[in-house]
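Below you'll find the structure, written out as structure tokens, and then a few comments.
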Amino acid sequence: MPRNPFARKKDGEATAPAEQKTGRIAQIRQVFTVSKQVDPLIGWYMLLAFLVTFGVLLLIGFLVSLPWIFGIFGVLFGILAATITLSRRAERAAYTQINGQAGAAGAALTSIRRGWYTDREPVAADVARPGDIASAAMVYRALGRPGVVLVGEGPTGRVQKLLAAEKKRVERVAPGVPVTVMRVGDGEGEVPLQKLSSKVQRLKPKITKDEMSLVNKRLKALGGMRAPLPGGVDPSRARMDRKALRGR
């Protein structure tokens, strides 16, 4: 039977935008639910952000004798403020959830997407007692235009030795490429986990994209851990909730 030229679009085509909108709402609800388990006050912060934004714009509306127009803008910008608050509190909750777990530094590094080569697996590890992954010292590696970044987590003494050894390995295969060393933690000279990705991304570019690609090939040829972790142990068990981290 020939198709009616005046027929409406298929049901699936007509409802696609509605399904996408429903999906986004469900995603935001999921992020809120997960984050609230770690941050019980997140709902109150969102409400406060909405009310403050709405109140300021409504006050401006009364001052310029346009309360209805500014009231509508207040609702829209209030929702935006609440969403931004959800994103930032959810990011903090995600880091709080994995902080102190083995592999947390790797999870934080892999949240960096654009312009960086990262790997959740450590490139070097030192396990003091067989099977005790909680006390392991590990080093993770990231590569971007600022050069190579080595991030250590675990007991300070053993981490420093691993970082020094790994830095020498990188310098042998990539001479002249800047190597930045960081340690994750809350002590002096350490970088808090929640600030790690932003600190890495704020480093100034030192090499070109072509040089970065070449260095990445050399680092892959260099290989990963020299001493593998105990069998059956997942060094990347700290799983960052990417939806919560991005706030969507």
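For residue 180, are the conditions met, namely being assigned to a helix (DSSP H, G or I) and modelled with pLDDT of 85 or more? Let's see the steps before the verdict.
Details: assigned to a helix (DSSP H, G or I): no; modelled with pLDDT of 85 or more: yes.
Spelling it out, it is not the case that residue 180 is assigned to a helix (DSSP H, G or I) and modelled with pLDDT of 85 or more.
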TODO: Report yes if some residue within segment 181-192 is open to solvent by 70 Å² or more (accessible area, probe 1.4 Å) and not basic (Lys, Arg); otherwise report no.
DONE: yes
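Does residue 125 qualify as being out of contact with any helix residue (DSSP H, G or I) (no Cβ under 7 Å at 6 or more places or on another chain), in a strand (DSSP E or B) and at pLDDT below 90?
Values: out of contact with any helix residue (DSSP H, G or I) (no Cβ under 7 Å at 6 or more places or on another chain): yes; in a strand (DSSP E or B): yes; at pLDDT below 90: yes.
Taking the combined requirement at face value, the residue satisfies it.
When the residues of segment 92-119 are filtered to those that are of a type in the set (Ser, Thr, Tyr) and out of contact with any Ser or Thr (no Cβ under 6 Å at 6 or more places or on another chain), which remaining residue is surrounded by the most Cβ atoms within 10 Å (Cβ to Cβ)? Step through it out loud before you land on a result.
The initial filter retains those residues of segment 92-119 that are of a type in the set (Ser, Thr, Tyr), namely 95-96, 110-111, 117-118.
Remaining after also requiring out of contact with any Ser or Thr (no Cβ under 6 Å at 6 or more places or on another chain): 95-96, 117.
Working: 95: 23, 96: 14, 117: 16.
Filtering first and then ranking leaves 95.
Identify, please: which residue in segment 89-103 is assigned to a loop (DSSP other than H, G, I, E, B) and of a type in the set (Gly, Ala, Ser) and is, among those, nearest to residue 41 (Cα to Cα)?
Pass one, segment 89-103, residues assigned to a loop (DSSP other than H, G, I, E, B): 99-103.
Next, from what is left, pick out any that are of a type in the set (Gly, Ala, Ser): 100, 102-103.
Values: 100: 22, 102: 27, 103: 28 Å.
Checking each candidate, the answer is 100.
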Task: Of all residues in segment 197-230 being at pLDDT 90 or above and aliphatic (A, V, I, L, M), the one that is surrounded by the fewest Cβ atoms within 10 Å (Cβ to Cβ) - done: 214
Open item on the list: Tell me yes or no: at least one residue of segment 120-129 is in the same structural domain as residue 186 (by the TED database), of a type in the set (Asp, Glu) and open to solvent by 30 Å² or more (accessible area, probe 1.4 Å).
Closed with: yes
- [ ] Scan segment 104-119 and report the pairs whose first residue is in a strand (DSSP E or B) and whose second residue is crowded, with 18+ Cβ neighbours inside 10 Å and not polar (S, T, N, Q), with Cβ atoms within less than 6 Å and a gap of 6+ or a chain change.
- [x] 117/143; 118/109; 118/112; 118/142
- [ ] Please work out if residue 139 is of a type in the set (A, V, I, L, M, F, W, C), part of a strand (DSSP E or B), open to solvent by 40 Å² or more (accessible area, probe 1.4 Å) and free of Cβ contacts under 8 Å to residues at least 60 places away in the same chain.
- [x] no
Open item on the list: Take the conditions open to solvent by 90 Å² or more (accessible area, probe 1.4 Å) and part of a helix (DSSP H, G or I) and apply them to residue 57. Does it pass?
Closed with: no
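The values are calculated or read from the model by the stated rules, or taken from the named source; none is laboratory data. Model, not experiment: these values are computed from the prediction. So basically every Cβ, Gly included, is an ideal-geometry build from the backbone, and we count neighbours across all protein chains shown. Side chains included, ligands, DNA and RNA excluded: accessible areas come from the protein's heavy atoms. Shrake-Rupley method; radii C 1.70, N 1.55, O 1.52, S 1.80 Å.
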